[in-house]
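First up is the structure itself, then whatever we jot down about it.
The values are calculated or read from the model by the stated rules, or taken from the named source; none is laboratory data. Every value quoted in this text rests on a predicted model; they were computed, and no experiment measured them. Cβ coordinates were reconstructed from backbone atoms using ideal geometry, including for glycine residues, and neighbour counts include every protein chain displayed. Side chains are part of the model used for accessible areas, which takes the heavy atoms of the whole protein and leaves out ligands, DNA and RNA. Shrake-Rupley method; radii C 1.70, N 1.55, O 1.52, S 1.80 Å.
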Amino acid sequence: QVQLVESVGGLVQPGGSLRLSCAASVNNFAIWTMDWYRQAPGKQRELVASIESGRSPNYADSVKGRFTISRDNAKKTVFLQMNSLKPEDTAVYYCNAHFTRYNYWGQGTQVTVSS
């Protein structure tokens, strides 16, 4: 069974930064596409960023230029660096790993942007 363990989020002031990490217990981590999603209260879960090994990452328009997704295949970990945070970034952030028909989710971590 694959497990995805996310770091603890937190409360950040507008304009601040936060880095999330997600450690995966999978074999051959490099072949998995790793995504970050988020879900705000009353809204649908949305894709924030996606990264495949050897390819350029993809980002939602709402976070382009502010968020950076990266991965360390040796450590089986994916990161989400979030800068210039806005109140509308407040959500539960989820790590996702998928490869062919296999799809796994982390438990989610709360990120709150507020003064």
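Considering only S62, S84, S17, the Gaussian network model of the chain with Cα springs below 10 Å gives its largest mean-square fluctuation to S62. Taking the average, over residues, of other Cβ atoms within 10 Å as the packing measure, peptides 37-44, 87-94 rank 87-94, 37-44 from highest down. Per-residue 3J(HN,Hα) values for segment 92-109, derived from phi via the Karplus relation 6.51 cos²θ - 1.76 cosθ + 1.60 with θ = phi - 60°, read 8, 9, 10, 8, 9, 10, 9, 7, 6, 8, 8, 8, 10, 10, x, 7, x, 9 Hz in sequence order (x marks Gly and Pro).
Of all lysines in the structure, the ones whose alpha carbon falls short of 28 Å from that of K86, not counting any fewer than 8 places away in one chain, are K43, K64.
Given a Förster distance of 25 angstrom, what is the FRET efficiency for E46 paired with S84, based on the Cβ-Cβ distance and rounded to 0.05? List each step's numbers first, then the result.
Working: r = 18 Å, r/R0 = 0.74.
About 0.85, to the nearest 0.05.
In this structure, the amide hydrogen of V12, modeled 1.01 Å from its nitrogen in the peptide plane, lies closer than 5 angstrom to those of T112, V113, S114, counting only residues at least 5 positions away or on a different chain.
The order of T109, T68 by accessible area, most exposed first and with a 1.4 Å probe, is T68, T109.
Carbon and sulfur together cover what percent of the accessible area of the chain at a 1.4 Å probe radius? Within the chain, the accessible surface is 47 percent carbon and sulfur. These residues, S115, S56, go from largest to smallest accessible area, 1.4 Å probe, as S115, S56. As a calculated quantity, the FRET efficiency between S17 and N103 at R0 = 25 Å, using C-beta atoms, amounts to about 0.25. Think of a 1.4 Å ball rolled over the protein heavy atoms: the chain then has 55 Å² of accessible area per residue.
Once the Cβ-Cβ distance of R66 and Q1 is raised to the sixth power relative to R0 = 41 Å, the FRET efficiency obtained is 0.75.
For segment 1-58, a/c is not less than 1.5, where a ≥ b ≥ c are the root eigenvalues of the C-alpha gyration tensor, and a/b tops b/c. That puts it in the prolate class.
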